[in-house]
Amino acid sequence: MEANEPKNPNTPDSSGKAEPVVVSQVLSTFTENFGMTKTAAAGTVLFIAAVIIAAIFWSIHSAPPKTLIMTSGPPGSSYEHFAEKYRNELSSNGVTLKILTSEGSEENLRRLSDPKFRVDIGFVQTGESEADKSTLLSLGSISYQPLLIFYRSASPVNLLSDFAGKKLAVGAPGTGARTLALTLLATNGVRSDGSTTFSDLDAEEAAKALLDGKVDAVFLMGDSASSQTMRTLLRAPGVQMFDFKQADGYTRRFSYLNKLDFPRGSIDFGKDLPPYDVHLIGPTVELVCRVGLHPAVCDLLLDAAREIHGKATLFQHRGEFPALLEQELKINPEATRYHASGKPFLYSSLPFWLASLINRLLVAIVPMVLLLIPGLKLVPMAYKMRTQLRIYRWYRNLLKVERDLFGEMTPAKRDDLRRRLDHIEESVNRMKVPASFAGQFYGLREHIGFVRQRIGNG
């Protein structure tokens with residue numbers, strides 16, 4: 001039986017080339033133990049190798065990014081201040097955050113909505129509606145963003161409509177302050193016409209223009225103005241802060257606005273600044289990402305958001321943010337899962353890089369094992385059944401020859417039985433069976449010899 005004889009792995013094959021020792025040993029494992037042909041064994045090995053390579057490739061490809069790009073706001077703004085804190089938090093977990101300054105919330109939204117612009121996350125205030133948001137998700141609201149209106153007047157201004165006919169600095173293009181200011185002024189019938197003029201000055205220039213008497217009022221928000229600019233205006237003589245006495249009405253009219261209170265003396269108790277409680281309105285700021293942001297990165301960002309925005313401030317209570325307040329953007333499912341059950345066990349127990357590696361290995365290995373183990377079990381079973389059926393086939397033929405021994409035996413009949421037995425023996429000798437079937441194989445050959453003796457004795 002040639003197929004069952006041991007083969008030197010370095011012996012040249014039919015092509016005259018010596019097989020590599022390792023390849024020959026691997027193929028022999030399948031050919032000898034499972035009874036496979038060389039082609040079937042090679043196919044099985046290639047399939048296993050392909051599954052392993054695919055698992056490795058997926059594990060590498062699915063790794064969370066080591067670098068994120070955030071679009072923040074103008075230099076010195078609260079948005080840039082937040083971005084710097086996010087960079088510090090992420091760096092402790094091995095993730096680098098690159099910060100791109102912008103004009104403000106509106107420009108951030110345009111960047112995030114543009115698939116050609118390389119950016120991952122950014123700050124967007126609710127109420128922005130000019131860009132396509134179908135590819136964006138919210139990781140939650142992170143803070144209130146009050147609209148602060150400073151004006152120069154001897155007497156208090158009670159209504160926004162009283163600013164008609166004035167010189168108003170409504171914010172630079174691309175800022176959330178400008179978007180909200182124009183919306184509120186239009187609601188009060190104040191538009192840029194011959195008597196009322198709108199200025200596009202940025203926050204710093206607008207504040208200076210107000211102090212110099214070149215404009216009558218400025219509209220400022222955290223995405224465009226620095227905290228120092230606002231403190232300067234609060235302390236400036238002759239400059240007042242607008243009190244939204246109709247705050248409740250505005251929040252009913254615009255669902256994305258919130259009523260906020262600026263308590264008396266909260267800036268400077270000694271100088272009593274502001275000198276009275278001021279009612280403000282403002283939207284919330286959302287941490288916005290693109291669809292497909294890696295889940296592990298979402299957890300990192302939400303961890304950072306809790307650390308950065310979870311403290312009590314002038315306009316919020318401790319633990320009030322981040323919050324899943326769905327406005328114009330859908331909430332990222334990962335954020336919903338995070339707020340409901342926290343981080344997965346691995347990420348809450350191990351360093352980020354190690355948890356990420358183990359998680360990817362588990363996700364890659366478990367499906368691979370589930371695929372390969374049944375497959376490797378089925379292959380031997382299939383070949384075992386195939387080999388048994390082949391052996392049983394010749395046993396059936398051998399039984400027919402033996403049954404034909406009964407009855408009258410003529411020389412012609414004896415010659416026919418010998419020819420049939422020779423055919424069975426020749427076919428059996430050409431069979432290739434795995435070593436595990438050696439007992440059945442040699443048993444079949446012994447039984448062939450037994451029947452041959454009976455024919456001879458007959």
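Selection within segment 141-182: residues that are in a helix (DSSP H, G or I) and in contact with a Ser or Thr (Cβ under 6 Å, 6 or more places away or on another chain). The member of this set that is farthest from residue 331 (Cα to Cα) is 177. Within segment 181-210, residues that are under 9 Å from residue 169 (Cα atoms) sit with their Cβ atoms under 6 Å from residues that are modelled with pLDDT of 95 or more and open to solvent by 60 Å² or more (accessible area, probe 1.4 Å), at 6+ positions apart or across chains, in these pairs: 197/167. Just so you know, in segment 397-415 the residues that are surrounded by fewer than 10 Cβ atoms within 10 Å (Cβ to Cβ) and not hydrophobic (A, V, I, L, M, F, W, C) include one that is nearest to residue 436 (Cα to Cα), and it is 403. Residues in segment 92-114 that are among the small types (Gly, Ala, Ser) and more than 19 Å from the chain's Cα centre (by Cα) were compared, and the one that is most open to solvent (accessible area, probe 1.4 Å) is 92. Here residue 241 meets each of (1) in contact with a helix residue (DSSP H, G or I) (Cβ under 9 Å, 6 or more places away or on another chain); (2) over 22 Å from residue 76 (Cβ atoms) with one exception, condition (2). Applying the condition of being of a type outside the set (Val, Ile, Thr) and within 15 Å of residue 389 (Cα to Cα) to segment 416-435 and asking which residue is most open to solvent (accessible area, probe 1.4 Å) yields 432.
Suppose the filter is farther than 14 Å from residue 222 by Cα and either touching a His at 6+ places or on another chain (Cβ under 9 Å) or touching a residue at least 24 places away in the same chain (Cβ under 8 Å) (or both); does residue 139 pass it? Against the criterion (farther than 14 Å from residue 222 by Cα and either touching a His at 6+ places or on another chain (Cβ under 9 Å) or touching a residue at least 24 places away in the same chain (Cβ under 8 Å) (or both)), residue 139 qualifies.
For segment 119-140, the criterion of being at pLDDT 95 or above and either of a type in the set (D, E, K, R) or in a helix (DSSP H, G or I) (or both) is met by at least one residue.
For residue 156, the criteria (1) surrounded by fewer than 19 Cβ atoms within 10 Å (Cβ to Cβ); (2) touching an Asp or Glu at 6+ places or on another chain (Cβ under 8 Å); (3) free of Cβ contacts under 8 Å to residues at least 60 places away in the same chain hold in every case but one, which is (3). The strands (runs of 3 or more DSSP E) located wholly in segment 183-294 include none with 2 or more residues which are among the aromatic types (Phe, Trp, Tyr) and surrounded by fewer than 20 Cβ atoms within 10 Å (Cβ to Cβ). Every test in (1) surrounded by fewer than 19 Cβ atoms within 10 Å (Cβ to Cβ); (2) closer than 14 Å to residue 218 by Cα is passed by residue 134 save one, and that test is (2). List the residue pairs whose Cβ atoms are under 9 Å apart, where the first residue sits in segment 105-116 and is more than 18 Å from residue 78 (Cβ to Cβ), the second is among the polar types (S, T, N, Q) and open to solvent by 40 Å² or more (accessible area, probe 1.4 Å), and the two are 6 or more positions apart or on different chains. These pairs meet every condition: 112/135; 113/134; 113/135; 115/135. Being buried (at least 21 other Cβ atoms within 10 Å of the Cβ), under 21 Å from residue 222 (Cβ atoms) and touching a strand residue (DSSP E or B) at 6+ places or on another chain (Cβ under 9 Å) is the requirement here; does residue 321 meet it? Judged against the criteria, residue 321 is a match.
The values are calculated or read from the model by the stated rules, or taken from the named source; none is laboratory data. Not measured: the values here are computed from a predicted model. Don't worry about glycine lacking a Cβ; one is built from the backbone with ideal geometry, like all the others, and counts go over all protein chains shown. These area figures cover heavy atoms from the full protein model, side chains too; ligands, DNA and RNA do not enter into them. Shrake-Rupley method; radii C 1.70, N 1.55, O 1.52, S 1.80 Å.
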